[in-house]
1. Among VAL5, VAL21, GLY37, which residue has its Cα positioned farthest towards the positive end of the charge dipole of the stretch 4-62, with +1 placed on the Cβ of Lys and Arg, -1 on the Cβ of Asp and Glu, and the dipole taken about the Cα centre?
2. In vacuo Debye scattering of the stretch 4-62, one point per C-alpha: log10 I(q)/I(0) at q = 0.19, 0.22, 0.23 Å⁻¹?
Amino acid sequence: MSQPVRCTWCGGVYDLGTVTVTARYTDCSMWKAPCCGATVDDRGETGWKSRKDYERIDSPDPINRRGQWASIDGRRARWRP
């Protein structure tokens, strides 16, 4: 996954790099979340919205030099950028 995120509606994990944008506006882009089909937008990252539609899952070590583990839904999984 290039940009993994967690859906705040259902808790599913998906990749922002693979979503198909359905609408573009001046302040946001919108798409359907592949996990639950909810319409989401990126205004939560800019502060225009109080509730984010997704949360970014950041790697503890972006280069993965130390073989770090990332936690997804409480399970440990090896991070693969």
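1. GLY37
2. Those come out to -0.67, -0.88, -0.95, one per q.
Values in this text are rule-based calculations from the coordinates and carry no lab data. Keep in mind that what you see is a predicted model, and the values were worked out from it rather than measured. In this analysis, Cβ positions are derived from the backbone assuming ideal geometry, glycine residues included, and neighbour counts consider all displayed protein chains.
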